[in-house]
Amino acid sequence: MKILQNKYFKNLTTFRIGGKIKYYAEVKGKKEIEEIVCFAKSNHLKVFIIGGGSDFLVSDKLYDGLVIKFTGTGVSISGDSITAEAGMSWDKLVEYSVKNNFQGIECLSGIPGTVGAAPIQNIGAYGQELKDTFESLNAFDITKENFVKFNKEDCGFGYRESIFKQKSHWQKYLITDITLRLHKNGKPTVNYESLNGRVKENPSLLDVRNAILAVRKERLEDPNIVGNAGSFFKNPIVDKNKKEQLEKDFPGIKIFPFGEKYKVFSGFLIENAGWKGKNLGSVGVSPKHALIIINKSGNAKASDVIKLSNKIVEDVDKMFGLRLEPEVQMINF
Ligand code: NAP
């Protein structure tokens, strides 16, 4: 295991933004995890764990601590369960499950990032969420320096949320593997309008996967082409009164039931506030999808993104009376 002192967050995140890192290490296996945590403790370093870097906006200042990337990529099947190591690419795991005829995560095709990052924000797309098939995960508890297991009920999953995003658990556990309980030979269900006409009747898992990969390619920004961190904002959740008022004032607004409340599509709000496809200096709002902020020049600073996102929040608030909150996690500000 090497400890490097010449790494930058901008080379480790899909936004391609972020400053220098004091110490950086890639680890595989239990022994290396224990060793690197011991290094952090003996040097009084704060620790940040990174996967695919696909859900972060990192500031440009020096990160005065240790960044750890877990790189194990093993995967195995036992009965209806698949266990994958946290360093595996999420989409490789979806591909593997579809190839082996396991239903349950095919709608999560094409999501950037690693397996280990998936539970942190309970990734979701096209009506599937990780929590629907999640069974358990193993992690290293950095504070207590031991390996622990989290079952589904321990993870506090919510809409793009989990206990690992809360202060009590944030950056305190290094996830090493996750286990999903899938449905061997299960049939896919497709219920998102944006997939209508893209999948034939009685589609196979592979048909659904291919349709989703194609629609994502058309509608979303590929971080290999232009820096971005997926949806920049969450979809606001509103009560019945607010929903009815919004529908009256803004015909055509996209609102969906969400438990006893309602979920408003932020992309609609941002587009109608006039920001879709607009640039501000070196950053912009994607012309394909209003929820995505892009590092247009490739050299944007974190402060450029913050400036743009503040303007969007203000304009959406003025027009709709809704305060957008970031979905991306803000690091080292
Ligand atoms: P879309 O299918 O055009 O849908 C737009 C919005 O409406 C989404 O926010 C979606 O909510 C909601 N929606 C649509 N049909 C729905 C239904 N039948 N039931 C409940 N909610 C419905 O979305 P898109 O923007 O092209 O994205 C496609 C999928 O990829 C979505 O599920 C989206 O969440 C996911 N995605 C995730 C990220 C990320 O960074 N996390 C980025 C882009 C897209 P949901 O968001 O709750 O699905």
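Quick check on the range 180-193: of everything there that is away from the ligand (no atom under 16 Å from the Cβ) and outside any loop (DSSP other than H, G, I, E, B), which residue is farthest from residue 142 (Cα to Cα)? Show your work before the answer.
Within the range 180-193, the subset away from the ligand (no atom under 16 Å from the Cβ) is 180-187.
Cutting the leftovers down to outside any loop (DSSP other than H, G, I, E, B) gives us 180-181, 183-184.
Working: 180: 24, 181: 27, 183: 34, 184: 35 Å.
Among residues in the range 180-193 that are away from the ligand (no atom under 16 Å from the Cβ) and outside any loop (DSSP other than H, G, I, E, B), the one farthest from residue 142 (Cα to Cα) is 184.
From the set of residues in the range 194-232 that are of a type in the set (Ser, Thr, Tyr) and surrounded by fewer than 17 Cβ atoms within 10 Å (Cβ to Cβ), which is nearest to the ligand (Cβ to nearest atom)? Spell out how you get there, then give the answer.
From the range 194-232, those of a type in the set (Ser, Thr, Tyr) are 194, 204, 231; that's our starting set.
Checking which are surrounded by fewer than 17 Cβ atoms within 10 Å (Cβ to Cβ) leaves us with 194, 204.
On the way: 194: 3, 204: 20 Å.
The extreme case among them is 194.
State yes or no: is residue 51 away from the ligand (no atom under 16 Å from the Cβ) and not hydroxyl-bearing (Ser, Thr, Tyr)?
Details: away from the ligand (no atom under 16 Å from the Cβ): no; not hydroxyl-bearing (Ser, Thr, Tyr): yes.
No; evaluated as a whole, the condition is false for this residue.
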Residue 56 fails exactly one of the following numbered conditions: (1) away from the ligand (no atom under 16 Å from the Cβ); (2) hydrophobic (A, V, I, L, M, F, W, C); (3) touching a residue at least 40 places away in the same chain (Cβ under 8 Å). What is the number of that condition?
(1)
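So that you can scan it fast, the table gives a plain yes or no per residue for (1) at pLDDT below 95; (2) more than 23 Å from residue 103 (Cβ to Cβ):
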residue	(1), (2)
181	no, no
184	no, no
187	yes, no
190	yes, no
207	no, no
210	no, no
232	no, yes
Determine the pairs where a residue that is assigned by TED's automatic domain parsing to the domain that holds residue 83 and in a loop (DSSP other than H, G, I, E, B), located within the range 153-179, has a partner that is among the aliphatic types (A, V, I, L, M) and more than 16 Å from the ligand (Cβ to nearest atom) with Cβ atoms under 8 Å apart, the partner being 6 or more residues away or on another chain.
155/137; 155/163; 156/163; 169/163; 171/47; 171/49; 171/142; 172/142
Selection count where residues are at negative phi and either in contact with a Lys or Arg (Cβ under 8 Å, 6 or more places away or on another chain) or among the small types (Gly, Ala, Ser) (or both), scope the range 228-239
8
When (1) in contact (Cβ under 8 Å) with a residue 60 or more places away in the chain; (2) exposed (fewer than 15 other Cβ atoms within 10 Å of the Cβ) are applied to residue 302, the one that fails is (2)
The residue that is farthest from residue 85 (Cα to Cα), considering only those in the range 134-167 that are within 16 Å of the ligand (Cβ to nearest atom) and surrounded by 15 or more Cβ atoms within 10 Å (Cβ to Cβ), is 159
I'd like to know if the range 306-321 contains one or more residues that are open to solvent by 50 Å² or more (accessible area, probe 1.4 Å), of a type outside the set (Ser, Thr, Tyr) and touching a Phe, Trp or Tyr at 6+ places or on another chain (Cβ under 6 Å).
no
Which one of the conditions (1) surrounded by fewer than 19 Cβ atoms within 10 Å (Cβ to Cβ); (2) among the hydrophobic types (A, V, I, L, M, F, W, C); (3) not in a loop (DSSP other than H, G, I, E, B) does residue 1 fail to meet, given that it meets all the rest?
(3)
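Restricting to the range 264-299, count the residues that are more than 13 Å from the ligand (Cβ to nearest atom) and either among the aromatic types (Phe, Trp, Tyr) or open to solvent by 10 Å² or more (accessible area, probe 1.4 Å) (or both). First the steps, then the outcome.
Narrowing the range 264-299 to residues more than 13 Å from the ligand (Cβ to nearest atom): 272-275, 277-285, 287, 295-299.
Next, only the ones that are either among the aromatic types (Phe, Trp, Tyr) or open to solvent by 10 Å² or more (accessible area, probe 1.4 Å) (or both) stay: 272-275, 277-282, 287, 296-299.
Going through the range 264-299 one residue at a time, the tally reaches 15.
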For the range 167-188, what are the residues that are in contact with a Gly (Cβ under 9 Å, 6 or more places away or on another chain) and closer than 28 Å to residue 28 by Cβ?
169, 174, 175, 176, 177, 178, 180, 181, 182
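For the range 37-58, enumerate the residues that are open to solvent by 10 Å² or more (accessible area, probe 1.4 Å), among the aliphatic types (A, V, I, L, M) and closer than 30 Å to residue 291 by Cβ. Explain how you work it out, then say what you get.
Here is the first cut: in the range 37-58, the residues open to solvent by 10 Å² or more (accessible area, probe 1.4 Å) are 38-39, 41-47, 49, 51-52, 54-56.
Applying the additional criterion that residues be among the aliphatic types (A, V, I, L, M) yields 45, 47, 49.
If the condition is that a residue be open to solvent by 10 Å² or more (accessible area, probe 1.4 Å), among the aliphatic types (A, V, I, L, M) and closer than 30 Å to residue 291 by Cβ, then 49 is the only one that fits.
The values are calculated or read from the model by the stated rules, or taken from the named source; none is laboratory data. Nothing here was measured: the structure is a model prediction, and the numbers come from that model. Note: ideal-geometry Cβ built from the backbone for every residue, glycine included; neighbour counts use all protein chains shown. Only protein heavy atoms, including side chains, enter the accessible area calculation; ligands, DNA and RNA are left aside. Shrake-Rupley method; radii C 1.70, N 1.55, O 1.52, S 1.80 Å.
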